[in-house]
Amino acid sequence: MRTLLGTEDLDRSALDGLLDDAETFLEVLERPIPKVPALRGRTVATMFFEPSTRTRLSFERAAKALSADTLSFSPGTSSLSKGESLKDTVQTIAAMGADLMVVRHRAVGAPARVAEWTGLPVVNGGDGAHQHPTQALLDALTIRRARGTVEGLRIGIVGDIAHSRVARSDVFAFATLGAEVTLIAPRTLLPVDLTGWPCDVSTDLDAVLGDLDVVYLLRVQTERGGASVFPSLREYLRRFGLTRERFARLRPDTVVLHPGPMNRGVEIEAAVADDPRALVLDQVTNGVAARMAVLFQLLGGADA
Amino acid sequence: MTSRRVLDDADIRRAIRRIAHEVIERNRGADDVVILGIPTRGVPLATRLAAALSDIEGTPTPVGSIDIGLHRDDLDRRPRVALGPTYVPEPLDHKTVVLVDDVLYTGRTVRAALDALADLGRPDRVQLAVLVDRGHRELPIRPDFVGKNLPTAPGERVTVRLRDVDDDEGVWIEDDR
């Protein structure tokens, strides 16, 4: 594996291998000294051309726990404002001695171009509404740890599918791991073309709610126009939000995931967000371990 | 290729039994001893050594494993290794840790295990038990307890098979010439 651009590229054994390694790294993170020397002398550059707090910090925490050094790029403080192109920017950072780049960009396919331009291993940290593969890995890890396996589970992904790179990455990862995935959204928030997506579709949350082992709530992305198709955010909560009343109708062992940041009172009611079966903070912890697994996979061997 | 069996299952059983007695003699009992095996085959050997200690002393001896896959000094020179389990059964501070591996050769695995151990706690002392010492050390490391000293040439290969992970049991010297 040279790059991680999307979850479509990962077969079952690759996914299982990354999840097994991530479990090992979770154990590392619980040690008195939560750091191993595996990537000593390597440099990981986090190139985030779109705002991000948790994903960038999570990658940097992962790199540092593996003893790699980090270079951090964010657009606000950079020469991008002087008109430097993406290509010049990434080649400049590569020339400083980066061994791997994590790239987030609003343009679909930008991480793949960065890999071509620099010749470096690249991890997609989110490109437009396309893919966010490490989010899918940490989600799969969270589900596996909560339920023992992903295989055979019924997973409902609820909300703004059309604008979500998380949904796409999750669908392919969960399906490869043997889950039955259902997308649940109003027509207006579903992608126009779902050809090739290994999942079912429903427009009625209440009809499928009682069958689900996992409820995956997507964030209503007001910055990507996700709210404009709804008359009001209150209306969204009423039809597709996880209210206390809907939460009470879930099976007792059903868990709730959300990629964060949560809009409390829009896609999830505040009391539900604070329930122990809402695994949002587990997802954050698992994210560090999942990203350690990816960095170690790409940099931790002679073939890297 | 030639292959020669140098230990059989009875030899391994007797070696572990003897090492258990030596561990007890050296440490005046096994009260503060924690056994940690190095994956893959150090782990079943550690389990057997702990069982032998418990059997002799009449009290259970804690046993775990310590993986070195993240502490090797040649990570960037070889294909990615699969990570093994690290499990510490109880806090290591003020304990005597006995590291267990199947074959002691260059000493680099033990060096990595000592580094890994330093992140897990601060035992009072660390001792090393191996089933086979085949020589050719590249680092200043020596074993405390040895099942069998096996003089070998660098081109020879020492293979340990244990029923827990293999379909046979014993130690072989193999030569590709």
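Checked against the criterion of being closer than 16 Å to A:M262 by Cα and surrounded by 13 or more Cβ atoms within 10 Å (Cβ to Cβ), the range A:191-206 contains not a single residue that satisfies it. Set side by side, the residues A:T92, A:T55, A:T43 differ, and just one is within 14 Å of chain B (Cβ to nearest Cβ), among the polar types (S, T, N, Q) and more than 29 Å from B:P91 (Cβ to Cβ), which is A:T43. Taking the stated definitions as given, is B:A129 free of Cβ contacts under 8 Å to residues at least 12 places away in the same chain and either crowded, with 18+ Cβ neighbours inside 10 Å or not β-branched (V, I, T) (or both)? No. Evaluating B:G121 against the criteria (1) modelled with pLDDT of 95 or more; (2) under 30 Å from A:A293 (Cα atoms); (3) assigned to a loop (DSSP other than H, G, I, E, B) leaves one unmet condition, (1).
Any residue at all in the range A:74-86 that's of a type outside the set (S, T, N, Q), surrounded by 17 or more Cβ atoms within 10 Å (Cβ to Cβ) and under 21 Å from the mean Cα position of the chain (by Cα)? Looking through the range A:74-86, none of the residues is of a type outside the set (S, T, N, Q), surrounded by 17 or more Cβ atoms within 10 Å (Cβ to Cβ) and under 21 Å from the mean Cα position of the chain (by Cα). Of the residues making up the range B:82-112, those that are in contact with a helix residue (DSSP H, G or I) (Cβ under 9 Å, 6 or more places away or on another chain) and within 14 Å of another protein chain (Cβ to nearest Cβ) number 7.
Of B:T47, B:T40, all but one fail to be more than 14 Å from chain A (Cβ to nearest Cβ), among the β-branched types (V, I, T) and in a loop (DSSP other than H, G, I, E, B); the exception is B:T40.
Considering only residues in the range B:115-129 that are over 17 Å from the mean Cα position of the chain (by Cα) and more than 19 Å from A:P37 (Cβ to Cβ), the one that is nearest to the other protein chains (Cβ to nearest Cβ) turns out to be B:P123. Counting only residues that are over 23 Å from A:V108 (Cα atoms) and in a loop (DSSP other than H, G, I, E, B), the range A:28-63 holds 13 of them.
Looking across the range A:52-73, the residues that are under 27 Å from A:Q221 (Cβ atoms) and touching a residue at least 12 places away in the same chain (Cβ under 8 Å) come down to A:S52, A:R54, A:T55, A:R56, A:S58, A:F59, A:E60, A:R61, A:A62, A:S72, A:F73. For B:D76, the conditions (1) over 14 Å from B:I16 (Cα atoms); (2) more than 8 Å from chain A (Cβ to nearest Cβ); (3) more than 18 Å from the chain's Cα centre (by Cα) all hold with the exception of (2). Residue check: B:A10 meets all listed conditions (1) surrounded by fewer than 22 Cβ atoms within 10 Å (Cβ to Cβ); (2) more than 14 Å from every other protein chain (Cβ to nearest Cβ); (3) touching a residue at least 12 places away in the same chain (Cβ under 8 Å) but one, namely (3). Condition check for B:L53 on (1) part of a helix (DSSP H, G or I); (2) surrounded by fewer than 22 Cβ atoms within 10 Å (Cβ to Cβ); (3) touching a helix residue (DSSP H, G or I) at 6+ places or on another chain (Cβ under 8 Å): one failure, at (2). Among the residues of the range A:1-42, those that are under 18 Å from A:Q283 (Cα atoms) and touching a Phe, Trp or Tyr at 6+ places or on another chain (Cβ under 7 Å) comprise A:T7, A:D21. Restricting A:V288, A:V280 to those that are of a type outside the set (S, T, N, Q) and touching a His at 6+ places or on another chain (Cβ under 6 Å) reduces the list to A:V280.
Checked against (1) in a loop (DSSP other than H, G, I, E, B); (2) touching a residue at least 40 places away in the same chain (Cβ under 8 Å), A:I93 passes all but a single condition, namely (1). So in the range A:7-27, with the set limited to residues that are part of a helix (DSSP H, G or I) and hydrophobic (A, V, I, L, M, F, W, C), which one is nearest to the other protein chains (Cβ to nearest Cβ)? Filtering the range A:7-27 for residues that are part of a helix (DSSP H, G or I) and hydrophobic (A, V, I, L, M, F, W, C), the one nearest to the other protein chains (Cβ to nearest Cβ) comes out as A:F25. Of all residues in the range A:227-267, those that are of a type in the set (V, I, T) and under 22 Å from A:F174 (Cα atoms) total 3. Tell me which residues, restricted to the range B:60-86, are of a type in the set (S, T, Y) and either at pLDDT below 95 or under 13 Å from B:A113 (Cα atoms) (or both). Residues satisfying the conditions are B:S65, B:T86. The sole residue among A:L299, A:L233 that is among the hydrophobic types (A, V, I, L, M, F, W, C), more than 14 Å from every other protein chain (Cβ to nearest Cβ) and farther than 21 Å from A:R54 by Cβ is A:L233.
Would a scan of the range B:94-101 turn up a residue that is assigned to a loop (DSSP other than H, G, I, E, B) and at pLDDT 95 or above? Within the range B:94-101, one or more residues are assigned to a loop (DSSP other than H, G, I, E, B) and at pLDDT 95 or above. Taken over the range B:94-119, the criterion of being at positive phi and touching a His at 6+ places or on another chain (Cβ under 7 Å) is satisfied by no residue.
The values are calculated or read from the model by the stated rules, or taken from the named source; none is laboratory data. Predicted model only: the values in this text are computed from it and were never measured. Virtual Cβ from ideal backbone geometry, glycine too; neighbours counted across all protein chains shown.
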